[in-house]
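Working notes, beginning with the structure itself.
Readers should treat all values here as calculations from the given coordinates under stated rules, not as data from a laboratory. Just so it is clear, the model here is predicted, and its values are computed rather than measured. Here the Cβ positions follow ideal geometry from the backbone for every residue, glycine too, while neighbour counts run over all protein chains shown.
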2 protein chains.
Amino acid sequence: MWFYAAQLNPTIADLSKNREKIVTAIERAKKEGADLIIFPELALTGYPPQDLLFMPHFLDAVEKEAKKIEAATGVITALVGMPRRHGKKLYNSCVIYQNGKELKCYDKRLLPNDDVFSEKRYFEPGNCEVIFEIQGKRVAVLICEDIWGEGPNDPVASLHGKGVDLLLVLNASPYYLGKSDLREEVVKRVAKQLGCQVFTCNQVGANDQLIFDGYSVLIDKNGEIALRLKGFAEEERLIDDSKPESLKIREGVEENFEALKLGLFDYCQKLGFKKVLLGLSGGIDSAVVAAIATAALGKENVLGVLMPSRYSSEDSIEDAALLAKNLGIETLNLPIEEMHKSALQTLEVPFEGLNQDITEENIQSRIRGLLLMALSNKFGRLLLNTGNKSEMALGYCTLYGDMCGALSLIGDLPKGAVYDLANWINRDQELIPKRSISKEPTAELRPDQKDVDTLPPYSIVDQVVIGYIEDHLSPEEIAKRGNIELSLVKELIRLIHLNEYKRRQAPPILKVSHKTFSAGRHYPIVERWTIPK
Amino acid sequence: MWFYAAQLNPTIADLSKNREKIVTAIERAKKEGADLIIFPELALTGYPPQDLLFMPHFLDAVEKEAKKIEAATGVITALVGMPRRHGKKLYNSCVIYQNGKELKCYDKRLLPNDDVFSEKRYFEPGNCEVIFEIQGKRVAVLICEDIWGEGPNDPVASLHGKGVDLLLVLNASPYYLGKSDLREEVVKRVAKQLGCQVFTCNQVGANDQLIFDGYSVLIDKNGEIALRLKGFAEEERLIDDSKPESLKIREGVEENFEALKLGLFDYCQKLGFKKVLLGLSGGIDSAVVAAIATAALGKENVLGVLMPSRYSSEDSIEDAALLAKNLGIETLNLPIEEMHKSALQTLEVPFEGLNQDITEENIQSRIRGLLLMALSNKFGRLLLNTGNKSEMALGYCTLYGDMCGALSLIGDLPKGAVYDLANWINRDQELIPKRSISKEPTAELRPDQKDVDTLPPYSIVDQVVIGYIEDHLSPEEIAKRGNIELSLVKELIRLIHLNEYKRRQAPPILKVSHKTFSAGRHYPIVERWTIPK
């Protein structure tokens, strides 16, 4: 039995286009002589369709497109992921078409409801396995979370002793660093457990904050990898189990780069934007974002805007210009001095006799936000946010200022990971000016300002951010792991909670870690959590 | 048997203060001779604690405070809502203390997971009823959603024939207009079904977007109302079932006013803010917000900022000033002409030869946002957003401009409901200038601009917004119900989806309808849903 895998990149709710992709893949599979074709989880709607699933007329439209797929299958057996109504209930299903008819349906049994998942909001769990025969082989079907199960309701366990030759799994498994390894380990365990071949067909492409990495895999019955499809790209191919082969998964930092590139590309392309812009400060964050954008969209589509102020150093202006030159992107130079002066003048009366404080720093940041948004509006360019996870955690950023943007590229990377990415980007040639990497981080919003005037060194900040946000550690555990003073850990955690209000209005952040601000992390703004002494 | 009800307003995660409130109420109940005291659902943490529930050291702290409550109970029986760990599982529980010891625990069986609820993210469902005897009466306990059940797992049905004399229900039921009536209907049905008295103890107060209205009720075994506690205020009292009495629920528009007042008051008070500010345009939206803020916080704590531009009419400036005079609030006058000019001048080169468009309108709105945020930063005043639901739906608002603010007061009210509120506010005297109500809505961002130049009349917009967002109707149903052209309905729905990106960065909106942007509504930004022809 030969089967064909379609690792597709659907667009959320673009039903006719997604259906077209599915039908085209079916035609190709038939031409290549496949007996069966498998698609990712919810391939027809894209994953996750969210509250669109509550709209009856959306589900009507899904059913119409499903009928067209059914009609197109012909002799091939097709496994298509889609939402399926049954009475008043909705299921996350794999519809199995054969000879132009619906043969069976498999309904996902384990519905993830943590982190970025909220499937229990929409779906009822299925309650039985599906096994069918094709060319003398017994084929079972599961969907994504089903293979991560444990305990008495484990869908994998229910397949035990049922003589399954091949387990096919429809996936929509979002990327974070290390996720594909983790996923493969689970598939290997399942293959060994059942003593059969397992193939997982994963969605690829980005939808809002979620990036799906692809990397569909075939694991043999000994739990060895037999074949791995591409990462971060669509791929369709006949899975001929006689030819073991394997693409290497990249190193972590490169994986993140590819993920962010795809995340940005799809965000623009699926919304119909070709061009982007961003502010270039001469610092490392905007440099890394510019480099990713250039790689994703082409240098002709990226505009870097320099907005020097009275506090900008010559070095910063030079570094920003040099970066743009190295990347080959267009620049604009819009000094903010005049607007800065007129803002202070407008506020002269109410501010009379008061000391300068953070207010005056935020004004500069917000003038830059205003100018960037004006350029975005006038030229139809999408504005990229350039903030990192460490400053987003501690609120070392200005709401409606440097927090502006349609999409945050590095908002899930702590400062240290931004340095790693910068060094990786420079691996062959100096794209990001050395000085942007080596100089001390500064916001340049007052004379001779350095980030360390306000924050502890990023090496400490990052450990607290990673420990508290990503690893759910207690302050004591973070202090111990990082050899940091406990009182400092607690103070940083206090800042993390205090700044929830800023993050509530932050741009969507591309997810590359296992816990991301703005995706799958829900904290109250109004709360008084203080860590007990 | 006499029992005591504590309709409390807890602050999320303010564990020691919430525990103090609980213990104080227990002391009062004992003094009044009560045998039993009941608190709302999750009274110890406040509802909803969200992802704080994932932190083991938060749950440790909850358990410490619970021990203190246990020690304080003494002779009284206390029903306290709190999260409860059992092994690796977490339950939404009512712990029943008696004689200073834990007598029993009831674990909520039906976990709501729709709209603003995501209890399946955190909790395991309980699986058995709890009935105990006190003073010869058989008392059963349920929690909130448990009484809304249907079907085979209905917790109410499980109490059938068990000889229950009194059913006590711990609630944290968020407000929307009409919700308290709906809730009482359910309680009445349950009382008749079981043939026993039912008392629901509801949380009161606001946490982020959710406003809890209180209105705890005692329903007799015939399904008649015996007693209703206050709406939108804390109340503690001995429930003496020999004295039937009932506070009247207010009319809808007054209910909304009270809800918004409490929502704002708690947002400020729980965060530690006393003072607020807002921009006054002379229009109806900012007038209504100013009136609510004045009622909630006192006129001495509200600052109205006039920011006239070259396009502001004399009328608007006069109306804004008159409103401030009527309310007795302070004002500031900050003309934006200088900043407007300097912004256009800064952008002169890149914009050379291009026509004016929405960009120039947004610039003015963003200058105002910048000034308001500068005042907010300098004076520690919380900025109130003044946008309504209709403009938020269609994106007739400027991101980082008039969309600035820590909290949106009327972002869940369609324009028509804002008029209703304005007229209600003026019921005894003209607080809001008549002309702000009677004149045609205008953004005044270009000469002689009117909202109807861009949008259909609000009477039509509102029907589509309510039909599509709140009532989940199809375009055809909306067109039919409102006698609106179908193509116009579809165009407005297209705009609603298109502007999801703006709403993703909007301030939190106080919830007063059953479907609110930014609370319990999850739509993708990147999608291509188009209603089939």
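Report the GluC sites (Glu not before Pro) located in segment A:335-418 that are in a DSSP loop and have at most 15 other Cβ atoms inside 10 Å of their Cβ, or state none. Hits after loop and neighbour filter: A:GLU352. If you take the Cα centroid of segment B:65-83 and the Cα centroid of segment B:314-357, the two points sit 57 Å apart. Taking the number of Cβ atoms within 10 Å of each Cβ as an exposure proxy, the fewest-first ranking of A:ILE38, B:ILE460, A:ILE336 is B:ILE460, A:ILE336, A:ILE38. Coupling constants for segment B:391-404 follow from the phi torsions by the Karplus curve (6.51 cos²θ - 1.76 cosθ + 1.60, θ = phi - 60°), and in residue order they are 6, 5, 5, 8, x, 7, 6, 10, 4, 6, x, 5, 7, 5 Hz; glycine and proline get x. Measure nothing fancy, just the Cα-based angle from helix B:179-194's long axis to the longest principal axis of chain B, in degrees from 0 to 90, nearest 10. For B:179-194 against chain B, the angle is about 20 degrees. As a length-normalised measure over Cα pairs under 8 Å and 6 or more apart, the relative contact order of segment A:388-452 settles at 24 percent.
Of the GluC sites (Glu not before Pro) in segment B:79-172, the ones in a loop by DSSP (not H, G, I, E or B) with at most 12 other beta carbons within 10 Å are B:GLU150. Rounded to the nearest 10 degrees, the angle from helix B:252-271 to the longest Cα principal axis of chain B is 90 degrees.
Between the amide H of B:ILE37 and those of B:TYR4, B:THR77, B:ALA78, B:LEU79, distances stay under 5 Å, these residues lying 5 or more places away or on another chain, with hydrogens modeled in the peptide plane.
Listing B:CYS105, B:CYS128 from fewest to most neighbouring C-beta atoms within 10 Å gives B:CYS128, B:CYS105. Sequence-distant contacts, meaning Cα pairs under 8 Å at least 6 residues apart, place the relative contact order of chain A at 11 percent.
Between the helical axis of B:314-327 and the longest alpha-carbon principal axis of chain B there is an angle of about 30 degrees. Shown for B:GLN449: label points 7 Å from Cα along the beta-carbon vector, and their distances to the equivalent points in the other copies, 3.1 nm in ascending order.
Across segment B:274-280, computed HN-Hα scalar couplings (Karplus, 6.51 cos²θ - 1.76 cosθ + 1.60, θ = phi - 60°) run 9, 10, 10, 9, 7, x, 10 Hz from first to last residue, x flagging Gly and Pro.
Applying 0.36 nm per residue to the separation of B:ALA157 and B:LYS68 and subtracting their alpha-carbon distance, the gain on full extension is 28.6 nm.
The trypsin sites (Lys or Arg not before Pro) of segment B:1-81 include none that meets both conditions, a loop assignment by DSSP and at most 15 other Cβ atoms within 10 Å of the site Cβ. Would you mind checking which residues have amide H under 5 Å from B:HIS522's amide H? H placed 1.01 Å from N; only 5 or more apart, or other chain. Distant-sequence amide H within range of B:HIS522: A:ASP51. Give the distance, in whole Å, between the Cα centre of segment B:468-520 and the Cα centre of segment B:109-163. Using only Cα atoms to place each centre, the spacing works out to 34 Å. Our coupling estimate for segment B:223-237, obtained by passing each phi through the Karplus curve with A = 6.51, B = -1.76, C = 1.60 and θ = phi - 60°, is x, 9, 6, 9, 6, 10, 7, 4, x, 6, 8, 5, 8, 10, 6 Hz, Gly and Pro reported as x. Could you work out the local net charge near A:GLU300, counting Lys and Arg as +1, Asp and Glu as -1, over the other residues with Cβ closer than 13 Å to its Cβ? Within the 13 Å Cβ shell, the charges total +3. With a 10 Å cut-off around each Cβ of A:391-401, the average count of Cβ atoms from other chains is 2. Annotation: amide H-H contacts under 5 Å for A:LEU332 (H modelled 1.01 Å from N, sequence separation of 5 or more, or interchain): A:GLY304, A:VAL305, A:LEU306.
Taking every DSSP beta bridge that has both ends in chain A, the antiparallel portion is near 55%. Overall, the protein assembly as shown carries a charge dipole of about 1700 debye about its Cα centre when +1 sits on the Cβ of Lys and Arg and -1 on the Cβ of Asp and Glu, all other atoms neutral. Among B:THR442, B:LEU354, B:PHE257, whose Cα sits farthest toward the positive end of the charge dipole of chain B (+1 at Cβ of Lys/Arg, -1 at Cβ of Asp/Glu, about the Cα centre)? Going by the charge dipole, the pick is B:PHE257. Beta bridges assigned by DSSP with both partners in the protein assembly as shown are antiparallel in approximately 55 percent of cases. Position A:GLN345: other-copy label points at 0.7 nm, ordered by increasing distance, label point 7 Å along Cα→C-beta.
As a proxy for reagent exposure, A:HIS86, A:HIS514 were ordered by neighbouring Cβ count within 10 angstrom, fewest first; the result is A:HIS86, A:HIS514. Is segment A:48-152 rounded, prolate or oblate when judged by the Cα gyration tensor, a ≥ b ≥ c being the square roots of its eigenvalues, rounded requiring a/c under 1.5 and prolate requiring a/b larger than b/c? Judged from the Cα gyration tensor, segment A:48-152 comes out oblate (a/c at least 1.5, b/c at or above a/b).
Taking square-rooted eigenvalues a ≥ b ≥ c of the alpha carbon gyration tensor, is segment A:3-249 rounded, prolate or oblate, where a/c under 1.5 means rounded and, failing that, a/b exceeding b/c means prolate? Here segment A:3-249 falls in the rounded category. Shown for B:PRO152: label points 7 Å from Cα along the beta-carbon vector, and their distances to the equivalent points in the other copies, 1.5 nm in ascending order.
Contact order, relative form, for segment B:255-447: 27 percent (alpha carbon pairs under 8 Å, 6 or more residues apart, mean separation divided by residue count).
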